[in-house]
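Please treat every number below as a calculation from the coordinates, not as lab data. Only a predicted model underlies this, so the values are computations on that prediction, with no experimental measurement involved. Glycine gets a Cβ as well: all are built from the backbone with ideal geometry, and neighbour counts include every protein chain shown.
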Amino acid sequence: MIKIKNVMSDGCYELQPTVNRDGRGLFAKTFHETWFTDLGLRSDFVEQYYSFSGRRVIRGMHYQSPPMDHAKLIYCVQGRVLDVALDMRRKSTTYLQYFVNELSADLANMVYLESGFAHGFYVLSDSAVLIYNVTSVFSPEHDQGIRWNSFGMRWPESDPILSVRDANLPLLADISPF
């Protein structure tokens, strides 16, 4: 079973699957189509990715623009991250607000984002592995992003490890939200 643990905004939810723990570790089912549709969440994931990152890394803030925008299900299978979602939906009551949640392998919690959110994270542990499920196929011409320090988020540090691409993404003030 999966429960909505925390409603951060309409379209941004922390999910908690049932976690079975014993002397070997833990086991959790992260997706079941019926559970998602019963909660009113999209279940039509068409691609899955994972990332491995070291301490102090920020990945983000990324999104795909319409018509290739997508919902995402994100969870951490190793380590801990500070997960950040920025609402880019012009008609939303939480437009341009950001939401922060700690994801960890130990908690087995997840974040579900509807289409229209930019997403990123900061690695709190020595390393972290995140899994992403998305509802549209990656499209290079719709791949967009916002510079990590341009929307008011107070990250744990001011000099994180970034990719060249992420360091040079446009400022929030310079882009057109959905």
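Assorted remarks:
- Global geometry of the range 124-174, whether rounded, prolate or oblate, following the gyration tensor of its Cα atoms and the 1.5 cut on a/c: oblate
- Charging the Cβ of each Asp and Glu at -1 and of each Lys and Arg at +1, and nothing else, the dipole of the range 110-169 about its Cα centre rounds to 100 debye.
- Values [x] 49, 35, 28; [y] 62, 38, 31; [z] 53, 43, 40 are given for comparison; Cα extents along the principal axes in Å, derived from the coordinates here, is the one labelled [x].
- Ordering 121, 138, 99, 31 by the number of other Cβ atoms within 10 Å of each residue's own Cβ, fewest first, gives 138, 31, 99, 121.
- Residue among 61, 153, 110 with the largest mean-square fluctuation in a Gaussian network model of the chain, springs linking Cα atoms under 10 Å: 153
- Neighbourhood net charge (10 Å Cβ-Cβ; Lys/Arg +1, Asp/Glu -1) for residue 68: -3
- Dividing the summed -39500 (n - 2.57) terms of all DSSP H runs of n ≥ 4 by the residue count of the chain sets its mean residue ellipticity at 222 nm at -1000 deg cm²/dmol.
- Summarising the strand pairing of the chain, around 100 percent of its internal DSSP beta bridges are antiparallel.
- The charge dipole of the chain, taken about the Cα centre with unit charges on the Cβ atoms of Lys, Arg (+1) and Asp, Glu (-1), comes to about 260 debye, rounded to the nearest 20.
- Taking every alpha-carbon pair under 8 Å whose residues sit at least 6 apart, the range 51-178 reaches a relative contact order of 39 percent.
- Summing charges over neighbours of residue 16, with a neighbour being any other residue whose Cβ is under 11 Å away from its Cβ, gives +1 when K and R count +1 and D and E count -1.
- FRET efficiency estimate (nearest 0.05) - Cβ-Cβ, residue 143 to residue 19, R0 30 angstrom: 0.35
- Charge sum, other residues only, whose C-beta stays under 12 Å from residue 169's C-beta, Lys/Arg counted +1 and Asp/Glu -1: 0
- Listing 174, 22 from fewest to most neighbouring C-beta atoms within 10 Å gives 22, 174.
- When you work out D = kT/(6 pi eta Rh) for the range 35-138 at 4 °C and 1.567 mPa s, using the Kirkwood radius from C-alpha pairs as Rh and the Stokes-Einstein form, the result is 93 µm²/s.
- Reach of residue 91 by Cα under 20 Å, taken over aspartates and glutamates that are not fewer than 8 positions away in the same chain: 10, 69, 114, 174
- Cα-centred dipole magnitude for the range 55-124, charges only on beta-carbon of K, R (+1) and D, E (-1), debye, nearest 20: 200
- Residues in the range 2-27 that a label on residue 178 would reach, taking backbone N under 19 Å of a point 7 Å out along Cα→Cβ: 7-15
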